[in-house]
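What follows is a short report on a single structure.
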Amino acid sequence: MGRPREFELDDAIEKATDLFWRNGYEGTSLSDLTTAIGISPPSFYFAFGNKEGLFRKVIERYFAEQSKLAEAALRKPTPRAVATHFLNGYAVVLTDPRHAPGCLAMNSSLPCAAGDPLRAWLAELREQTRMRFRDRFAEARGGGLPAGMDADALARLVMVTAWGLAVEAQSGATRKELRRTVALALPAWPDAERSSG
């Protein structure tokens, strides 16, 4: 029978999440992690392999949780309702007082150097989300979007707005300020009825 672990895995991931969210990936050291979790470096390596291994577990859990917001948005009846639900919900996530401001993934990916494998992996995860919005918007052509509207560009518009909110939240913008920004952005949203009228 294997040696029992000195810590509880879920608790360790939560503590690591807090550190990565606050300090980013590069700003969080192995010493920070072992101290917060309360384990020795050998136990850490046995459990997670290395810092990147733990970070990937943290991000996978984070994206699984955040995908619930995207899924709820994607079920809305019109493309504009999809964008409204997602962006307003994301403003709540970014300003939740239970964690550092901003987006965990964005706080960790922006400082990474170009060509860094983690930066590429995080970009791929974001791209997967964008593709979900693109597919949803493509389904709505003629039913909420003007004919010929580029669903791919529209999905990028949603994601660029979301990432801008994340940077603003990290810089100290409040939930009210972020939602005001969303409210200003949405009137420019393409609307099939408005364009046909």
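The values are calculated or read from the model by the stated rules, or taken from the named source; none is laboratory data. This one's a predicted model, so the numbers in the text were calculated from it and none came from an experiment. As a convention, Cβ positions derive from the backbone with ideal geometry for all residues, glycine included, and neighbour counts pool all protein chains shown.
Taking each residue of region 85-109 that is farther than 26 Å from GLU52 by Cβ and looking for partners that are part of a helix (DSSP H, G or I) and of a type outside the set (A, V, I, L, M) with beta-carbon atoms closer than 7 Å, six or more apart or interchain, yields LEU87/THR161; ASN88/ARG179; ALA91/ARG175; ALA91/ARG179; VAL92/ARG175; THR95/ARG175. Across region 71-82, the number of residues qualifying as assigned to a helix (DSSP H, G or I) and either exposed (fewer than 15 other Cβ atoms within 10 Å of the Cβ) or in contact with a helix residue (DSSP H, G or I) (Cβ under 6 Å, 6 or more places away or on another chain) (or both) comes to 7. Could you tell me whether GLY115 is over 20 Å from VAL160 (Cα atoms), modelled with pLDDT under 85, of a type outside the set (D, E, K, R) and surrounded by 15 or more Cβ atoms within 10 Å (Cβ to Cβ)? Spelling it out, it is not the case that GLY115 is over 20 Å from VAL160 (Cα atoms), modelled with pLDDT under 85, of a type outside the set (D, E, K, R) and surrounded by 15 or more Cβ atoms within 10 Å (Cβ to Cβ).
Of all the listed residues (GLU193, GLU177, GLU139, GLU127), the sole one being out of contact with any Gly (no Cβ under 7 Å at 6 or more places or on another chain) and modelled with pLDDT of 95 or more is GLU177. Inspection of region 31-48 identifies no residue that is within 20 Å of GLU168 (Cβ to Cβ) and assigned to a loop (DSSP other than H, G, I, E, B).
Can you tell me which residues in region 54-70 are surrounded by 13 or more Cβ atoms within 10 Å (Cβ to Cβ) and farther than 18 Å from ASN107 by Cβ? Reasoning before the result, please.
Going through region 54-70, the residues surrounded by 13 or more Cβ atoms within 10 Å (Cβ to Cβ) turn out to be 54-59, 61-63, 66-67, 69-70.
Answer for region 54-70, where residues must be surrounded by 13 or more Cβ atoms within 10 Å (Cβ to Cβ) and farther than 18 Å from ASN107 by Cβ: SER67, ALA70.
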